[in-house]
Structures are given as structure tokens and as C-alpha cells.
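Below is one structure, written out as C-alpha cells; comments come after it.
FYI, it's all coordinate maths here, none of it is from the lab. What you see is a predicted model; the values in this text were computed from it and never measured. Cβ placement follows ideal geometry from the backbone for every residue including glycine, while neighbour counts extend to all protein chains displayed.
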Amino acid sequence: SLLVGLRELAQRHQVPLQLAQAGTMWGFFFSARPVEDFVSAAASDVERWKRFATAMLAQGVYLAPSPFEGAFWSSAHRPADVRATLRAADAALAEC
């Protein structure tokens, strides 16, 4: 899955990453500490998020315009989309 792959890539690149999922909604923060509320979310590395999101966008992967917004799965997302997103994330994590 995408979240498992993102977690593995972050570990490989030694980038602290927190992921959360509820049903088809998911999100992430660049932080070594669990993100449980707005205070801990605001303490995450927003500058790294900006670099990551910009690198993803350059590769054609569109993320929400803020680290404080959720993302959503849909039936339109196919395994090939997940693989392409993980390839883009691998490159983006290497940059940020």
C-alpha cells in the first residue's frame, strides 16, 4: 500500500515521518514525534513538507496545498498509480 511504501522510503532516507489513516482519509507530517493534535502538527517540519510537496508536484503528483489537510483514496487510484507515487516519493525524499 502507499502508506507502507512511504514509511519504508522515509526510513531508507532517514527522514522522520508520521503517517495516519482513517478509512480512505490519510495524511502525513515530517516529525520524529507522534502527531496527535494541532500543536504537535504545527511543530512538524513544515519547510521539509514544502520541499517534498514541490518535488512531488514536479513529478506530476499533486498533494494537498498544506500539510494540515488530509488526502483521500478513491476507486480511481490503481496499483500503477501507487507505484508511480512511490517512485516520485523516493526521489522527493532524497531531495528533502
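Its DSSP H runs of at least 4 residues, each contributing -39,500 (n - 2.57), put the calculated 222 nm mean residue ellipticity of the chain at -14500 deg cm²/dmol, to the nearest 500. Highest-first packing order for the peptide set 29-38, 52-61 is 52-61, 29-38, based on the mean count of other beta carbon atoms within 10 Å.
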